[in-house]
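Working notes, beginning with the structure itself.
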Amino acid sequence: MRVVWTISGPVNILPFCGQRVGKDAVMKLLVQESPAFLVDRRFVPNIMLVDGNNAAVLARLTATKREDGHAFSYRIAHFIKFREEKSSNTFRLLTASTWPSRCSVTISPMTSIR
C-alpha cells in the first residue's frame, strides 16, 4: 500500500509541512524532522467523527520550538481514510487564525503505516 501524508500549512514557517509519499518519507518526518524542530508537544482532540472508512478530528496542538523556546498553540483538523483497517490517506489542515509571528508545529501520529 502506498502511504501519502499531507500537512497543509506555511512551509516557510513550518519546514515539515507539505506532502510525504511512501513509508520511509513519513517515518522520517515523524521520527526525525518533527522531534528535531519541537519539544513539549501535546495533541488534545476536541471532536472526533467517524463515518464508515472516513474519520475527522478537530484538535488543539501545543508545542515549543526547540531552537528558541517559543511556545504556541493552534487548532488543527485531521481527515483520514481507512482501507483494510489501516489508514490509507491522511490530510492535515492547520488554522491560520492563531499563528504567532514565531511559530512551529508538530504532528501527532494518527496513521498506521505498517
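Confirm whether VAL44 is β-branched (Val, Ile, Thr), touching a His at 6+ places or on another chain (Cβ under 7 Å) and modelled with pLDDT of 80 or more. For VAL44, the condition - β-branched (Val, Ile, Thr), touching a His at 6+ places or on another chain (Cβ under 7 Å) and modelled with pLDDT of 80 or more - is not met. Among the conditions (1) under 15 Å from ILE13 (Cα atoms); (2) at pLDDT below 80, LYS65 misses just one, which is (2). Report yes if some residue within region 81-101 is under 30 Å from ARG2 (Cα atoms), surrounded by 14 or more Cβ atoms within 10 Å (Cβ to Cβ) and modelled with pLDDT of 80 or more; otherwise report no. For region 81-101, residues under 30 Å from ARG2 (Cα atoms), surrounded by 14 or more Cβ atoms within 10 Å (Cβ to Cβ) and modelled with pLDDT of 80 or more: present. The one condition from (1) in contact with a Lys or Arg (Cβ under 8 Å, 6 or more places away or on another chain); (2) modelled with pLDDT under 85; (3) of a type in the set (Lys, Arg) that ARG60 does not meet is (2).
Across region 56-89, which residue is nearest to ASP40 (Cα to Cα) among those that are of a type in the set (Lys, Arg), in contact with a Leu (Cβ under 8 Å, 6 or more places away or on another chain) and in a strand (DSSP E or B)?
Keep residues of region 56-89 that are of a type in the set (Lys, Arg), which gives 60, 65-66, 75, 81, 83, 86.
From what's left, in contact with a Leu (Cβ under 8 Å, 6 or more places away or on another chain): 65-66, 75.
Adding the requirement that they be in a strand (DSSP E or B) leaves 65, 75.
Details: LYS65: 9, ARG75: 16 Å.
Once the filter is applied, the top-ranked residue is LYS65.
Among the residues making up region 7-45, those that are part of a loop (DSSP other than H, G, I, E, B) and either exposed (fewer than 13 other Cβ atoms within 10 Å of the Cβ) or among the β-branched types (Val, Ile, Thr) (or both) are VAL11, ASN12, ILE13.
The values are calculated or read from the model by the stated rules, or taken from the named source; none is laboratory data. This one's a predicted model, so the numbers in the text were calculated from it and none came from an experiment. Every residue, glycine among them, receives a Cβ derived from its backbone with ideal geometry; neighbour counts consider all protein chains shown.
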